[in-house]
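Shown next, in structure tokens, is the structure this report addresses.
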Amino acid sequence: MRRFLTAGLCGAVLFLCLSCGQKTVARGNVAHAASPTVAPTSLETDAPQQMTAVDPEVEKLGAVLSSLSERAKAAIPNGDPKEFLADLHAVLAVEQTFRSDDLSLYYLIDKKHYVGSDYEPKDLMPVKNNDLWNVSRNDLSLRPEAYHALEELSRAALADGIKLMVSSTYRSYSYQERLFARYVAQDGVELAERYSARPGTSQHQLGVAIDFGSITDDWGDTKMGKWVYKNAAKYGWSLSFPQGYEDVTGYMWECWHFRYIGVEACEFQKKWFGDIQQFMLEFLYAWENYK
Ligand SMILES: [Zn+2]
């Protein structure tokens, strides 16, 4: 199915085809962009079609969206490109407030995008047992932004009578190397690749990811798991590997693994990317690297 972002342009409606990035402009009694419902096929047959000058940013948006995977495109709802761009700029404005001496909190890391063996987040903060949360081991740490966001998440959980259990956080390259090797020895490389990251490709090396609770599928059905799933985004935490998206994320479902990206990015992800973190981060990567 072809999908479109629509934009009002002085009485005309702009359609950005997400499949090919092409624009068409229809005039006349077409509902303005405020209406999310459009009928692109009838518009495409309207004659004569006219091309008008297009905002370069809208043009860039069309090009970037068209470069995304088919599944990402399918997840993006119809909407007004101007509204999309306003939301995007809000997310990018927040990025400008991130510390400049470390990687962006939107940094794309996956099977194709990685960090070096020497990358370690700045000012890692130890995550120990305290009044807000429990830990399952004593060598945990997080980037400061993630640490403070965990404090907020944990306070909210406590207010609902739930004390979070933090089970895994920052992992160094060498730790991940040993972990992956252990899983390969245990299950073979093909299966290990589906649930464990090769060194340099793990969100855990960024110091912004947490594995909660038992790190098993049934954690998602516990009181804690349900609470985190429902409330994480309000505090900037995003589920990284949702169920049914292994072809997108490269990993099997991990109900326990959340990454801190900030509240605005969580909202952007939910509104425009079907709430799939990977789609949103891939879009930001493509947007920021567009030439
Ligand atoms: Zn994890």
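I'd like to verify a number: residues in region 234-291 that are over 16 Å from residue 75 (Cβ atoms), of a type in the set (Ser, Thr, Tyr) and in a strand (DSSP E or B), how many?
Residues meeting the conditions: 1.
Output the residues belonging to region 268-291 that are under 16 Å from residue 92 (Cα atoms) and over 10 Å from the mean Cα position of the chain (by Cα).
Selection gives 271, 272, 285, 286, 287, 288, 289, 290.
If I ask for residues that are under 19 Å from residue 115 (Cβ atoms) and either in contact with a Gly (Cβ under 8 Å, 6 or more places away or on another chain) or within 10 Å of the ligand (Cβ to nearest atom) (or both), which ones from region 194-210 would you list?
Residues of region 194-210 that are under 19 Å from residue 115 (Cβ atoms), as a first pass: 196-210.
Selection gives 196, 197, 200, 202, 203, 204, 209, 210.
Can you tell me which residues in region 97-132 are farther than 14 Å from residue 145 by Cβ, surrounded by fewer than 16 Cβ atoms within 10 Å (Cβ to Cβ) and within 21 Å of the chain's Cα centre (by Cα)?
Within region 97-132, 111, 112, 113 meet the criteria.
Against the conditions (1) over 25 Å from the mean Cα position of the chain (by Cα); (2) assigned to a loop (DSSP other than H, G, I, E, B); (3) among the hydroxyl-bearing types (Ser, Thr, Tyr), where does residue 183 fall short? Just the number, please.
So the condition that residue 183 fails would be (2).
Could you tell me how many of the residues in region 243-267 are more than 12 Å from residue 91 (Cα to Cα), more than 13 Å from the ligand (Cβ to nearest atom) and free of Cβ contacts under 8 Å to residues at least 40 places away in the same chain?
Qualifying residue count for the region: 3.
Could you list all residues from region 202-224 that are without any contact (Cβ under 8 Å) to a residue 24 or more places away in the chain and part of a helix (DSSP H, G or I)?
Result: 218, 221.
Yes or no: residue 227 within 14 Å of the ligand (Cβ to nearest atom) and either more than 16 Å from residue 265 (Cα to Cα) or part of a loop (DSSP other than H, G, I, E, B) (or both)?
It is false that residue 227 is within 14 Å of the ligand (Cβ to nearest atom) and either more than 16 Å from residue 265 (Cα to Cα) or part of a loop (DSSP other than H, G, I, E, B) (or both).
Hey, can you tell me all the residues within region 173-193 that are closer than 18 Å to residue 259 by Cα and within 14 Å of the ligand (Cβ to nearest atom)?
Residue satisfying the conditions is 176 alone.
No lab work stands behind these numbers, since they all come straight from the coordinates. As the structure is a computational prediction, the values presented were derived from the model and not from experiment. For neighbour counting, all protein chains shown are included, and Cβ atoms are generated from backbone atoms with ideal geometry for every residue, glycine included.
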